[in-house]
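Read through the structure below, which is laid out as structure tokens, and then see the notes.
The values are calculated or read from the model by the stated rules, or taken from the named source; none is laboratory data. Because the structure is a prediction, the values reported are computed rather than measured. Reconstructed Cβ throughout: ideal geometry from the backbone, glycine too, with neighbour counts over all protein chains shown. Calculation scope for accessible area: heavy atoms of the full protein, side chains included, ligands and nucleic acids excluded. Shrake-Rupley method; radii C 1.70, N 1.55, O 1.52, S 1.80 Å.
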Number of protein chains: 4
Amino acid sequence: MAKLDETAAGVYIISVTPFTDSGVLDLDSTDRMVDFYLEKGVTGFTLLGMMGEAPKLTLAESRSFVQRVLKRLNGRVPVVVGVSSPGFAPMRELTSAVMDDGAAGVMIAPPGTLKTDDQIVSYYETAADTIGSDTPFVVQDFPQSTNVHMSPGVIARIIKVLPSCVMLKHEDWPGLAKLSALRAMKDIRRVSILVGNGALFLPEEMERGADGAMTGFAYPEMMVDVVRAYGAKNPERARDLFDAYLPLARYEQQPGPGLAIRKYVLQKRGVIASGSLRKPGPKLSPLDIAEIERMIARQSKRLQEIG
Amino acid sequence: MAKLDETAAGVYIISVTPFTDSGVLDLDSTDRMVDFYLEKGVTGFTLLGMMGEAPKLTLAESRSFVQRVLKRLNGRVPVVVGVSSPGFAPMRELTSAVMDDGAAGVMIAPPGTLKTDDQIVSYYETAADTIGSDTPFVVQDFPQSTNVHMSPGVIARIIKVLPSCVMLKHEDWPGLAKLSALRAMKDIRRVSILVGNGALFLPEEMERGADGAMTGFAYPEMMVDVVRAYGAKNPERARDLFDAYLPLARYEQQPGPGLAIRKYVLQKRGVIASGSLRKPGPKLSPLDIAEIERMIARQSKRLQEIG
Amino acid sequence: MAKLDETAAGVYIISVTPFTDSGVLDLDSTDRMVDFYLEKGVTGFTLLGMMGEAPKLTLAESRSFVQRVLKRLNGRVPVVVGVSSPGFAPMRELTSAVMDDGAAGVMIAPPGTLKTDDQIVSYYETAADTIGSDTPFVVQDFPQSTNVHMSPGVIARIIKVLPSCVMLKHEDWPGLAKLSALRAMKDIRRVSILVGNGALFLPEEMERGADGAMTGFAYPEMMVDVVRAYGAKNPERARDLFDAYLPLARYEQQPGPGLAIRKYVLQKRGVIASGSLRKPGPKLSPLDIAEIERMIARQSKRLQEIG
Amino acid sequence: MAKLDETAAGVYIISVTPFTDSGVLDLDSTDRMVDFYLEKGVTGFTLLGMMGEAPKLTLAESRSFVQRVLKRLNGRVPVVVGVSSPGFAPMRELTSAVMDDGAAGVMIAPPGTLKTDDQIVSYYETAADTIGSDTPFVVQDFPQSTNVHMSPGVIARIIKVLPSCVMLKHEDWPGLAKLSALRAMKDIRRVSILVGNGALFLPEEMERGADGAMTGFAYPEMMVDVVRAYGAKNPERARDLFDAYLPLARYEQQPGPGLAIRKYVLQKRGVIASGSLRKPGPKLSPLDIAEIERMIARQSKRLQEIG
């Protein structure tokens, strides 16, 4: 499998991890899910991300899930694996395993103990050294969750000193000014920037130089179609599509219930057998479900209107 | 002026504080702003909230601004004043002053040092004692900003032990389950619940028992009309309106630039003379402004379509 | 091996994990270290704690280290193993393995995502269910590191609902009032309370009802002798000993360099072959080392004076 | 009064603020306290610091207290006033007032919203501009309380760009390596560095280049004598003194009860009429008081032994 590089674009779906109602890893649903995401037009997969319930898996389960996805994909699109860890020994172990299995690269979020600019850069230097300079990696900039704040200058320093850094998963919030600042920098290598946060600012981010999205949403076709519309120089079409999905995207982006909402819709769409999260995880109430159903109905109607 | 009580409903606008381009408090714009908000149908005002740049004002400026609003309003709708403070002596001083001036009640957010349930309840007991049992107050539940997390049970304890607590400003995020849990409690006095977070979940919150909104948005008529549509048992109309404004509401809800966006639109609408924030505050870029203008144009078009 | 229960007392040493200079797990030093700690009079061992560099170990290394310690101990004193994890599946896996190997119980610190009293209690309920009701566990109350704040009432609730909770590792800071509050509660089962924070408040904590210490210090004999002196109703002797060691104990308690200081002294005392921390970890400067040597010299002199 | 400059040294006492038992500002005790601190040999005063209960005072009380201290001092030693504020307008107002009254400079801690290196430097630039380039200021580096982390490089940048920055209040913890790093920098102006954290690392900090202490302790003579002993090239004497006071200093350094302990001892020593903190503040228990008395007795005995 080709390795990830700075030209990566389109939609790298942050994949859910399917479980049965009793919390067992569901590999049959995994196959269906791979087919579904591919059919909707994603250009890559990201596994074991924060929304992939990665910390709830044992190492053996993580490896089994990654292998199943890689086997089903059979090289059709690249796979990035989240390997963030409080320690470098477990990071090396998981990275080595998944790269041997055929992953295209890994994603690393910084631990919350990092405070100053220098500490952040130094952390990524050690991480890059740990996984090996031949393993491409993605910097995940997600301060709402990691509590680590990277200025544009810090990201630029990482890109400069570490050639194996090929992509930024941009999900600072607010992050529009940061994205513009990074794209305005003339003295750094152009890396791929894919955006996160449930794509809630995808139109603005595409206009500011993003190459696509690396996030999850129960309707990945929204992200695929918006990115394609920008590629086709049709921003009004992109905005029409985006606005039609926005009420549900906003609803799904709630931390906590968000993943349960996404899995509910994926189950409803026939992708996964069960919408269950592994414990501990929230359960949807009848009110939640009524709201989702209502939004899906309105979304269908609106999509028909815009054609 | 009548005091705030548990029946408060509708839209209590979180008012901006107008400054001139050079950062001087702009009392002429204040008058126009009061007229504008009233004309759009708000049922109350909230001054010196977090989005009112309160910490940037001197005590004298705070008092001057509150007095100007009260004078212009002349009792037509009630005014709530934010009096959160790291110390009780300043809280008492400001509360006493604004209640004498004619405010209907005050709002208190908890300091970030509170950690356990007992500490939170104890804090509000001391606060209520400080401001006097005849001063109605609003509990602001905004953990994203305060870093204080109140369970429904803690809020219920505050309501039970403190009769002067008449309202909850609900802006936990996610907060829908919390709102439902509070409204399901049968053993507590029913207080007013007005929602925050830029009204980004207003339809769902109205369905779950909110009495309206206490937040800001450059188009307060959206909130007023959505709340009225629910009052008129017309939820589909409410959702149509909400969805039409959602792209801009989402954009204005960005922490940091959000207030600059709101003030830009208010200036554009002729409400305030300058969209400037007092230092330190972000400035909008040409890209930001182009995005706002584009969203406003699309919003107008969509509002015409839905009639 | 007998399981941990509420009668546990004395000094459960938070064991370091020895590495060679190149960062390889050093099992020969592990044997020497076990002998050293036993010789100094500890009554139990705690492995894979925060000061045991646990997150830097792979699962295989963790298991190998635990097995080596258990083998060398051969049942002479009980072993508690830290199994804190962001997910319950890895917690179950590690717990099951070490209990099979002969551990006496496990220790669980709460994840930083817990905010309210109810969330904390609910987390421990799920954790206790995950590891099985026949596995005794220790609650680690260490808010400076976990950012989770447990009131005495919350700890009491955990003790009440979970019979397998047999010990509190008390290291809130300040924590003296909390310890007194817990011991004053008449309606809860009396669990063992061992104190942490490098034993910096050991005399006061013994007076307030602690059963001993569960922490680390390069001179474990200080903790053992202080606890024994209290057992012998000789508090002045306990304070004399404590005060003699306090300058170094204070120095070793610095977060960050603290563990490097402890390992330096253990190497100097011939316990472990290398004072190295596995990456990433601080290195001592010549100034640091000069300070340590000076404090050790003064400490020896002072110990001779008090006899 | 001469203004603060880079040559400041010795002990700048972080003054308590005396209240009566009923919480009223106690200006008579203020006079006695000024005399006491002077008599013990302090070389400066710092008012309205975090341990001075500053946030609990109204603006009028703050000014009244500062004026009383300045009047009693009558220019004998310089006074620094804490002016940290969430907003620049209140900071300007207070600074202007106290400098007019005769303060020698002000101290500014950063607000917790600052995250990146650039944000921190930019904040101090605006602050320095706000208070005026002729007002000398102290940077307070106290991440345990502010949650703002300044690397040595950031502090160096502030010193370079802002000539009115004349002192660092150093109280990062651990902070020894940071102090050494700052003193090793050859390309920055040498500013005064006074240390905080209750002087718990004063000997090590003096050896690494501190000019003294700016902190509180109920026995300011300890700090004065330790600093003098270093000035007299007698580090062993300094350590003997320090060690004698260390058990109580450690006890007084507990966040929360610490200030109540300090005030209790100051009351016992006849300095202030009441040891009360203004609400909200902890009260000492009989156990606390017994521990303090015991430590004071042992401290006296030890001081006699060392002569």
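Remarks
- Residues located in the range D:184-202, provided they are within 14 Å of chain C (Cβ to nearest Cβ) and farther than 21 Å from residue D:44 by Cβ: D:184
- First in the range A:1-15 and under 20 Å from residue A:72 (Cβ atoms), second anywhere and outside any loop (DSSP other than H, G, I, E, B) and basic (Lys, Arg), Cβ under 9 Å, 6 or more apart: A:10/A:228; A:12/A:169
- Pairs, first within 14 Å of chain C (Cβ to nearest Cβ) in the range A:274-287, second open to solvent by 40 Å² or more (accessible area, probe 1.4 Å) and aliphatic (A, V, I, L, M), C-beta under 8 Å, six or more apart: A:282/B:177
- Positions within the range B:128-175 being away from chain C (no Cβ under 14 Å), under 17 Å from residue B:197 (Cα atoms) and out of contact with any Lys or Arg (no Cβ under 6 Å at 6 or more places or on another chain), in sequence order: B:139, B:145, B:167, B:168, B:169, B:170, B:171
- First in the range B:234-247 and of a type in the set (Ser, Thr, Tyr), second anywhere and open to solvent by 20 Å² or more (accessible area, probe 1.4 Å), Cβ under 7 Å, 6 or more apart: B:245/B:219
- Subset of the range A:167-211 [assigned to a loop (DSSP other than H, G, I, E, B) and polar (S, T, N, Q)]: none
- Residues being in a helix (DSSP H, G or I), over 24 Å from residue B:179 (Cβ atoms) and of a type in the set (Ser, Thr, Tyr) are represented in the range A:218-240 by at least one member.
- Index of the failed condition, residue A:295 passing every other in (1) at the interface with chain B (Cβ under 10 Å from one of its Cβ atoms); (2) modelled with pLDDT under 95: (2)
- If the condition is being crowded, with 17+ Cβ neighbours inside 10 Å and more than 14 Å from chain B (Cβ to nearest Cβ), then the range A:255-272 contributes A:263, A:264, A:265, A:266, A:267, A:271, A:272.
Residue-by-condition table, conditions (1) aromatic (Phe, Trp, Tyr); (2) out of contact with any Pro (no Cβ under 6 Å at 6 or more places or on another chain); (3) part of a loop (DSSP other than H, G, I, E, B); (4) under 19 Å from residue A:200 (Cα atoms):
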{"residue": "B:260", "(1), (2), (3), (4)": "no, no, no, no"}
{"residue": "B:284", "(1), (2), (3), (4)": "no, yes, yes, no"}
{"residue": "B:288", "(1), (2), (3), (4)": "no, yes, no, yes"}
{"residue": "B:291", "(1), (2), (3), (4)": "no, yes, no, yes"}
{"residue": "B:295", "(1), (2), (3), (4)": "no, no, no, yes"}
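- Failed item in (1) of a type in the set (A, V, I, L, M, F, W, C); (2) within 14 Å of another protein chain (Cβ to nearest Cβ); (3) in contact (Cβ under 8 Å) with a residue 24 or more places away in the chain, with residue A:89 passing the rest: (3)
- Residues located in the range C:1-14, provided they are closer than 15 Å to residue C:224 by Cα and either surrounded by fewer than 23 Cβ atoms within 10 Å (Cβ to Cβ) or out of contact with any helix residue (DSSP H, G or I) (no Cβ under 9 Å at 6 or more places or on another chain) (or both): C:8, C:9, C:10, C:12
- Residue check, residue C:117 crowded, with 17+ Cβ neighbours inside 10 Å, at pLDDT 95 or above and acidic (Asp, Glu): yes
- Residue that is farthest from the other protein chains (Cβ to nearest Cβ) [pool: residues in the range D:94-114 that are surrounded by fewer than 20 Cβ atoms within 10 Å (Cβ to Cβ) and without any contact (Cβ under 8 Å) to a residue 60 or more places away in the chain]: D:101
- Subset of the range B:61-87 [at pLDDT below 95 and not hydroxyl-bearing (Ser, Thr, Tyr)]: B:86, B:87
- Residues in the range B:125-166 that are in a helix (DSSP H, G or I) and over 25 Å from residue D:147 (Cα atoms): 17 in all.
- With respect to the conditions (1) open to solvent by less than 30 Å² (accessible area, probe 1.4 Å); (2) in contact with a strand residue (DSSP E or B) (Cβ under 9 Å, 6 or more places away or on another chain); (3) within 12 Å of another protein chain (Cβ to nearest Cβ), residue B:217 falls short on a single one, namely (3).
- Some residue of the range C:36-43 being free of Cβ contacts under 8 Å to residues at least 12 places away in the same chain and of a type in the set (Asp, Glu): yes
- Test: residue C:229 is free of Cβ contacts under 8 Å to residues at least 40 places away in the same chain, of a type in the set (Gly, Ala, Ser) and facing chain D (nearest Cβ under 9 Å): no
- Among the residues of the range D:177-216, those identified as of a type in the set (Lys, Arg) and closer than 17 Å to residue C:284 by Cα are D:178, D:208.
- Among the residues here, residue D:155 qualifies as out of contact with any Phe, Trp or Tyr (no Cβ under 9 Å at 6 or more places or on another chain) and crowded, with 19+ Cβ neighbours inside 10 Å.
- Being open to solvent by less than 10 Å² (accessible area, probe 1.4 Å) and over 21 Å from residue C:89 (Cβ atoms) is a description that does not apply to residue A:66.
- Conditions (1) of a type in the set (Gly, Ala, Ser); (2) open to solvent by 20 Å² or more (accessible area, probe 1.4 Å); (3) at pLDDT 95 or above: number failed by residue D:307: (3)
- All positions within the range A:112-137 that are of a type in the set (Val, Ile, Thr) and touching a Cys at 6+ places or on another chain (Cβ under 8 Å): none
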